[in-house]
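**Student:** The structure that follows is given in the form of structure tokens.
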Amino acid sequence: MKGGGNMFADFLHRQSSCFVEGVPEKVILSRDSKNTSIISREYLYNGLFAPLSAVHTGSMVEAEEGHFIVQTMRRTTEKDRYCSMIKTNVVVEVQGYHQEYDNNLNKVGGPTFPTRQADVKGYCQYVTGRLRQEEPGLLTTTSYILILQTSVQVRKPHGLPSPDRVLLNGRPYQVDVVDDLKYPNLLYVQLSEDTRRSKTC
């Protein structure tokens, strides 16, 4: 190691431009081939950022290779910021639930699902038998898991008249679980097939 330097500065030739939450920065990006996570390895990356970088757990990083969500971050001995990141693979729309009632509290038509947030980038994984073995907290009805930033306006279903809905590849899925503890500063969302019928015109 060069005196007074750090790993990030010493590998200037490997640095590439990126944006951390829209702010221009530099990153040294590499594939994570050692991780044993249930997440497909093709989506796992490591990112090395400068000591004064604003990156933190839950940040969205935009690079030439795509968009990445920071899952973990630690300081190296040189004070660089070393991050484990997951590459986003979906853009979803989050919808709420609305039902009209008459003066006698009878439902008027079917429900509507107004858009709460569109163009939301996240990581989505189909639930397989193997995933169920490794993730005992999955509901029997869960079809997909979705990892999102905490800034995404998807609500926990408890206390709502009916759960939020997520449009994934144009298909509606019901939000059954929103876990904000599994990954720091991230949301771990369980989705099931949505059988609710929208109001027709």
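**Student:** Within the bounds of region 132-152, is there any residue that is in contact with a helix residue (DSSP H, G or I) (Cβ under 7 Å, 6 or more places away or on another chain) and closer than 26 Å to residue 17 by Cβ?
**Tutor:** Taking every residue of region 132-152 in turn, none turns out to be in contact with a helix residue (DSSP H, G or I) (Cβ under 7 Å, 6 or more places away or on another chain) and closer than 26 Å to residue 17 by Cβ.
**Student:** Can you work out which of the residues in region 153-185 that are among the aliphatic types (A, V, I, L, M) and farther than 12 Å from residue 97 by Cα is nearest to the chain's Cα centre (by Cα)?
**Tutor:** Only one residue tops the list, namely 178.
**Student:** Could you check, for region 162-175, whether at least one of its residues is out of contact with any strand residue (DSSP E or B) (no Cβ under 9 Å at 6 or more places or on another chain) and on the phi > 0 side of the Ramachandran plot? Working first, answer last.
**Tutor:** Kept after step one, since they are out of contact with any strand residue (DSSP E or B) (no Cβ under 9 Å at 6 or more places or on another chain), are these residues of region 162-175: 170.
Next, only the ones that are on the phi > 0 side of the Ramachandran plot stay: 170.
The answer is yes, given that some residue of region 162-175 is out of contact with any strand residue (DSSP E or B) (no Cβ under 9 Å at 6 or more places or on another chain) and on the phi > 0 side of the Ramachandran plot.
**Student:** Further, regarding this structure: In the list 149, 153, which residue meets the criterion of being in contact with a strand residue (DSSP E or B) (Cβ under 7 Å, 6 or more places away or on another chain) and touching a residue at least 60 places away in the same chain (Cβ under 8 Å)?
**Tutor:** 149
**Student:** Taking region 66-102 on its own, how many of its residues are of a type in the set (D, E, K, R) and in contact with a Phe, Trp or Tyr (Cβ under 8 Å, 6 or more places away or on another chain)?
**Tutor:** 6
**Student:** Can I ask one more? I'd like the residue in region 101-137 that is acidic (Asp, Glu) and touching a residue at least 40 places away in the same chain (Cβ under 8 Å) and, out of all such residues, is farthest from residue 195 (Cα to Cα).
**Tutor:** Here the residue is 134.
**Student:** Please determine, by comparing only the residues of region 7-37 that are part of a loop (DSSP other than H, G, I, E, B) and in contact with a Lys or Arg (Cβ under 8 Å, 6 or more places away or on another chain), which one is modelled with the lowest pLDDT.
**Tutor:** 35
The values are calculated or read from the model by the stated rules, or taken from the named source; none is laboratory data. From a predicted model like this one, the values you see are computed outputs, not experimental measurements. All Cβ positions, even for glycine, are placed from backbone atoms using ideal geometry, and neighbour counts span all protein chains on display.
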